[in-house]
There are 2 protein chains.
Amino acid sequence: MTNNEFPISKPYLKTKSLFPENQETPISFIERDSVDHPLFYRRNHFSYPRLSHHNYWLPINGAIKKPKIFSLKEIQQLPAKTIKVVLECSGNKRKFFKPPVFGEQWGNGAISQGYWKGVPLRILIEKTELKDDAKEVIVVGYDFGKNPGIDGIHHFARSLPLEKALHPDTIIAYEYNQKPIPFKHGYPLRLIVPGWYAMASVKWIQQIIVTDSKFDGPFQSMEYVYYPYKDSNHDSAPVTIMNVNSTIQKPHNGQILDSGKHMIKGIAWTGMGTIQMLEVSTDNGQTWSKAAIKKDHHKGYGWVSWFYEWSAFKKGEYTILSKATDSYNRSQPMSPVWNQKGYGYNGVDCIRVKVE
Amino acid sequence: MTNNEFPISKPYLKTKSLFPENQETPISFIERDSVDHPLFYRRNHFSYPRLSHHNYWLPINGAIKKPKIFSLKEIQQLPAKTIKVVLECSGNKRKFFKPPVFGEQWGNGAISQGYWKGVPLRILIEKTELKDDAKEVIVVGYDFGKNPGIDGIHHFARSLPLEKALHPDTIIAYEYNQKPIPFKHGYPLRLIVPGWYAMASVKWIQQIIVTDSKFDGPFQSMEYVYYPYKDSNHDSAPVTIMNVNSTIQKPHNGQILDSGKHMIKGIAWTGMGTIQMLEVSTDNGQTWSKAAIKKDHHKGYGWVSWFYEWSAFKKGEYTILSKATDSYNRSQPMSPVWNQKGYGYNGVDCIRVKVE
């Protein structure tokens, strides 16, 4: 080590499990508008699938008049669009639920965003000519295995109602941030469903099946279901659209600060419309102030960055909250809606700091 | 991606802060007897110091008859010893304190171990001939800066009482795991104080000063002090010897398991003597069973690995605890001793899992 080689400090993924691989994005340290793929959170149900791009074909079957098999090249030659999309695991922030719930104990980093390029699923489906009784579109991944609590071996597979499948921004993506999608994130083809929690954005697409009935695969009939009561499965509801949400990136929870001015900053996102307002409280919710939202971040299905200059001249302990409101007038609740499996946490974000 | 290139899943450091750099070891994923340096936890008070090994000298001054300046080469030619040592930040597990305390919110990964090679500090000091009134040995690091709550700029510096400084296993290390100490861990010379929390093991040694009085630098008069009461500094005590402690590595907190047999495994360590017993409870402390301790891990100042086969045939939620006892008959308490700054957490380790 000489004066010319100064050590670099960089953030890493936060490891939750390795088999299957589940790692969080160090979201407090993400400052750029899109997350570089090495820091994009990884969420798997199974070990990575084995597949070869040398022999890759995408079949579309089912309630269609003209079943088709697309080559990668064909897909890449169809009209494409590039959209900025937040992908958030529906278990993001699960570890903050009280009482605690089981499953991967995600903190606030099961979320990332970037630019996805692909062909609208609609365009592929139109080429196959839907039958009149078509109802849902199932997208099956190459990944498969055994899940605790679910009998048998299953491929990861999810269906979309026809309306969402045909939405012009629901795409079959083949690029992330202008490069082929990294293998761990779904290479060669990944479904991207903007606005929905990311379990809908199936990786490593193996086939697409149009059905005339309601698909009840375990990843939508058992997993990814809100069960609001601890001891019964009454009033269950599927996990779909992302809740309005925000995360404080700086300062860090527990941080000790010198007295003076400090920038409080973070991100906010929603699955419906756009973020309209971000409020910050530095007195545990007694009073709220509007944060500034970075204008240039306000496009597509991305998160917005926000910041608020806090004058912290009085020594003491502070509880800082952030609360986002979207264009459908949805706001983060003070307490999130508890559910058995811990999905959709969106209580106001909360950190505690000490000014010395 | 072809069938020949299967993606590797590996654990990373868990980033707490970057300026200064504080990152945890992913301790649940450490299976080897020593931690490879890229996964060794990083704990800094300041930005990394700038120094050059081309021009490195170690001076020893103060209450000695023959002040000396050692070259690296001289130090490396003195009689050396290699010892396995656990280094644990005294803030390890701070985030588990209730009520919460401020400061870096370390989980269970501010701990690592490996093989340190160096010359006993005693040998260097003997060459300088102590004066009769010598009382403490101050080791000063090259790192310096401003700490929140402490006025002025300070180098990181700590003193040892003469007895501990002259202990034959207190060494000035220059190798970690048979290679020069990585820069981030103290290159070229780091003090290693076995049995004490790691704030004592000063990195990047700039100088050594023998004193005839009690040193009161801020990193032992203000920081690294147990203050057992929230609103007063009565009954304070310095942080020195590591408490007896253990960590459950597998399963993970919150994990959902299939019913059947599962191996519960972890590590245990102490700053006094050796680990004599590790008990596991799978019913939240109502009953306890002895875990097996790996014999080959029982040497030097390292941690021991332990494992316990759990027959989990009944579905339900379980609270699993681990409790270590050392050869001084110190055991982990059910609740740790709370203190203002959150040092020395050693309550029984606790995870919750669900068997489905």
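The values are calculated or read from the model by the stated rules, or taken from the named source; none is laboratory data. The structure displayed is predicted, hence computed values, not measured ones. Ideal geometry is used to build each Cβ from the backbone, glycine not excepted, and the neighbour counts take in all protein chains shown.
Observations on the model:
- Check on residue A:169, out of contact with any Ser or Thr (no Cβ under 7 Å at 6 or more places or on another chain), more than 30 Å from residue A:348 (Cα to Cα) and acidic (Asp, Glu): no
- Members of the stretch A:195-222 found to be surrounded by 19 or more Cβ atoms within 10 Å (Cβ to Cβ), part of a strand (DSSP E or B) and not aliphatic (A, V, I, L, M), listed by number: A:196, A:206
- Answer residue from the stretch A:51-62, given it is outside any strand (DSSP E or B) and in contact (Cβ under 8 Å) with a residue 40 or more places away in the chain and is farthest from the other protein chains (Cβ to nearest Cβ) among those: A:56
- If you go through the stretch A:223-240 and keep only what is surrounded by fewer than 16 Cβ atoms within 10 Å (Cβ to Cβ) and within 21 Å of the chain's Cα centre (by Cα), you end up with A:237, A:238.
- Those residues of the stretch A:23-38 which are out of contact with any Leu (no Cβ under 9 Å at 6 or more places or on another chain) and facing chain B (nearest Cβ under 9 Å), in sequence order: A:28
- Filtered by the rule that a residue be hydroxyl-bearing (Ser, Thr, Tyr) and surrounded by 21 or more Cβ atoms within 10 Å (Cβ to Cβ), the stretch A:241-259 gives A:246, A:247.
- Residue count for the stretch B:63-81, restricted to those that are surrounded by 15 or more Cβ atoms within 10 Å (Cβ to Cβ) and in a strand (DSSP E or B): 3
- Residue in the stretch A:250-257 that is farther than 25 Å from residue A:335 by Cβ, in contact with a Phe, Trp or Tyr (Cβ under 8 Å, 6 or more places away or on another chain), in a strand (DSSP E or B) and not assigned by TED's automatic domain parsing to the domain that holds residue A:331 present: no
- Out of A:315, A:295, A:341, sole residue that is among the charged types (D, E, K, R) and in contact with a helix residue (DSSP H, G or I) (Cβ under 9 Å, 6 or more places away or on another chain): A:341
- 2 or more residues over 19 Å from residue A:192 (Cα atoms) and under 21 Å from the mean Cα position of the chain (by Cα): qualifying strands (runs of 3 or more DSSP E) within the stretch A:88-172: none
- Entry remark, the stretch A:276-315: residues being within 16 Å of the chain's Cα centre (by Cα) and at pLDDT 95 or above number 4 in total.
- Residues in the stretch B:45-62 that are of a type in the set (A, V, I, L, M, F, W, C) and surrounded by fewer than 16 Cβ atoms within 10 Å (Cβ to Cβ): B:57 only.
- Exactly one residue among B:351, B:320 is within 14 Å of chain A (Cβ to nearest Cβ), in contact (Cβ under 8 Å) with a residue 12 or more places away in the chain, under 23 Å from residue B:96 (Cβ atoms) and touching a Ser or Thr at 6+ places or on another chain (Cβ under 6 Å), and that residue is B:320.
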